[in-house]
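Below is one structure, written out as structure tokens; comments come after it.
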Amino acid sequence: MTGRLALLVALAGAPLSGCGGGDAGTGWAVSVDSSAGYPVVVNTPPTEEIAPTWELVEEVRIGAVEGAGPEVFGQIKAVAVDREGRIGVLDAQAQEVRFFAPDGSWLRTVGGQGGGPGELTDATGMIATAAGNYLVHDPRAGRRTVFHPDSGLVRTYPLQVFRYGFVWEAVEDERGVVWDENLLIGDDGTRTDILQGFDAAGTWVDTVALPTRDPNAPDPPGTYRIELANGYAMTGVPFWPRGGRILDPSGAFWVKAPDVNDYRLARTTFTGDTTLVLESLRPPQPVRGAERDSIVASLRDRFDTELDWSRIPDEKPVVQGWRVAEDGRLWVRVGAPGDGLTWDIYEPEGVYAGTAATYLSMRTTIRPTIRADTVWAVVTDELDVPYVVRAVLREAGTGTAEVGAAN
């Protein structure tokens, strides 16, 4: 065990810096086994109910239900924050980036629908770089556009994109290289999933091959294949435990295996070597009968067919998402009793730091910016109107959380 990891294990339960104190790990036990050649850090919760350490409490809200001002959003696909606390919001409906001061006041709007310089075609995401620029991914236009809150358009550079999703997620590492997953199609038609690295000028500087699913492999166990008159459709089995990977700015992935309802995340290098395994013994929550009946009814109405409902698990996934904060801490969204959202927070070495909860109706499909004890995220109201909120961690019981259902 390294000296720093040993110290963190000894101090498990110390408060998260800047989060208003509190005994963050009360009742949790931490053990480390390095016999595999890397630390396996097991975090065991108390046998009684796991009480939140912190509440995520709203400080600033940007948005309006109606009107014509820049604070009225259509479809937010990204929220990014620079080192000065200025907030960039990518509204995909208007194809605009709107910049706001830390207090929420509007600064300027850039972009707009079109194919000319500084315009956007179908932007799907945005990140703020260490240099203070905002990098907007516009795959249908085959380019990325760089804006600055003060000067507007900085530059545009071409980009060949063979695969993209609804929302673009990339990270900038400590060297200023922006990493993004893409599909590479060779001259002979071969298709390879890759991780691409681009420097600040938009030059492709590095490539890592990624595991590729065999197209002839059977359907994943967590899916339903539904035969249609003109083909078939695929949909996920409700409450099935999903896997995946996310990029860590330190130059790694955080990976969870699919199809198993465990609380085990591995940090791996880009080339697949495991450097740390984080485990928690937090128990999963049961699927309530009313929840199961409701989602079965929804699938029946949607596809007008009967499926094998026995494949629906009796327990909800204990791990429902994970994000890396800018300070390297891992935020794991977990299934917990009650409504709202709950995250277990871990030090970069895998040691439990505390649990945060909120009743803000955050959209978990849009990546939040997490910086120390502050989170910038997209929330919605009861009319599904989107807003951008800056929220801060406060010791549980000292803040006032706004009530809303998680999306």
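The values are calculated or read from the model by the stated rules, or taken from the named source; none is laboratory data. The shown structure was predicted, so the numbers you read here are calculated from the model rather than taken from an experiment. Cβ placement follows ideal geometry from the backbone for every residue including glycine, while neighbour counts extend to all protein chains displayed. Surface areas here come from the heavy atoms of the whole protein model, side chains and all, with no ligands, DNA or RNA. Shrake-Rupley method; radii C 1.70, N 1.55, O 1.52, S 1.80 Å.
Quick notes on this one:
- Residues being open to solvent by less than 20 Å² (accessible area, probe 1.4 Å) and not in a loop (DSSP other than H, G, I, E, B) - total across region 236-265: 6
- Scanning region 346-360 for residues that are more than 30 Å from Thr274 (Cα to Cα) and open to solvent by less than 10 Å² (accessible area, probe 1.4 Å) gives Thr358, Leu360.
- Within region 55-83, residues that are on the phi > 0 side of the Ramachandran plot sit with their Cβ atoms under 7 Å from residues that are hydroxyl-bearing (Ser, Thr, Tyr), at 6+ positions apart or across chains, in these pairs: Gly63/Tyr387.
- Matching residues in region 153-194 - criterion: being among the basic types (Lys, Arg) and farther than 15 Å from Met126 by Cα: Arg163, Arg175, Arg191
- Residue count, region 275-303 (criterion: of a type in the set (Ser, Thr, Tyr) and either closer than 21 Å to Thr342 by Cα or open to solvent by less than 50 Å² (accessible area, probe 1.4 Å) (or both)): 1
- The set of residues in region 315-347 being touching a helix residue (DSSP H, G or I) at 6+ places or on another chain (Cβ under 9 Å) and over 23 Å from Ile366 (Cβ atoms) consists of Glu347 alone.
- Matching entry among Ala377, Ala372, Ala391, Ala396 (being within 19 Å of Ala128 (Cβ to Cβ) and at pLDDT below 95): Ala372
- Residue count, region 127-174 (criterion: under 19 Å from Val205 (Cβ atoms), charged (D, E, K, R), in a loop (DSSP other than H, G, I, E, B) and in contact with a strand residue (DSSP E or B) (Cβ under 9 Å, 6 or more places away or on another chain)): 1
- Residues of region 47-95 that are assigned to a strand (DSSP E or B) and open to solvent by 50 Å² or more (accessible area, probe 1.4 Å): Glu58, Glu59, Arg61.
- Whichever residue in region 6-20 is in a loop (DSSP other than H, G, I, E, B) and open to solvent by less than 30 Å² (accessible area, probe 1.4 Å) and, among such residues, is modelled with the lowest pLDDT: Cys19
- Selection from region 177-212 of residues that are over 19 Å from Asp273 (Cβ atoms), open to solvent by 20 Å² or more (accessible area, probe 1.4 Å) and either among the aromatic types (Phe, Trp, Tyr) or part of a loop (DSSP other than H, G, I, E, B) (or both): Gly186, Asp187, Asp188, Gly189, Thr190, Asp199, Ala200, Ala201, Thr203, Trp204
- Criterion: touching a residue at least 60 places away in the same chain (Cβ under 8 Å), closer than 26 Å to Ala252 by Cα and of a type in the set (S, T, N, Q) - qualifying residue of Thr124, Thr129: Thr129
- Per-region count, region 97-126, residues assigned to a strand (DSSP E or B) and not β-branched (Val, Ile, Thr): 11
- Within region 170-199, residues that are farther than 24 Å from Ala80 by Cβ have Cβ atoms under 9 Å from residues that are among the β-branched types (Val, Ile, Thr) and not in a strand (DSSP E or B) in these pairs: Leu183/Val161; Leu184/Thr190; Arg191/Thr212; Thr192/Thr212; Asp193/Thr212, counting only partners at least 6 apart in sequence or on another chain.
- Cβ-Cβ under 8 Å pairs, at least 6 apart or on other chains, region 152-166 side in contact (Cβ under 8 Å) with a residue 24 or more places away in the chain, far side assigned to a loop (DSSP other than H, G, I, E, B) and open to solvent by 80 Å² or more (accessible area, probe 1.4 Å): Leu153/Pro117; Thr156/Pro117; Phe166/Thr365
- Of all residues in region 351-398, those being part of a loop (DSSP other than H, G, I, E, B) and in contact (Cβ under 8 Å) with a residue 24 or more places away in the chain number 18.
- Each residue in region 327-359 was checked for being closer than 23 Å to Glu291 by Cβ, modelled with pLDDT of 95 or more and hydrophobic (A, V, I, L, M, F, W, C), and 5 pass.
- Count of region 213-228 residues which are under 18 Å from Arg311 (Cα atoms), assigned to a strand (DSSP E or B) and either modelled with pLDDT under 90 or among the acidic types (Asp, Glu) (or both): 1
- Residue check, Pro313 part of a loop (DSSP other than H, G, I, E, B) and loosely packed, with under 15 Cβ neighbours inside 10 Å: no
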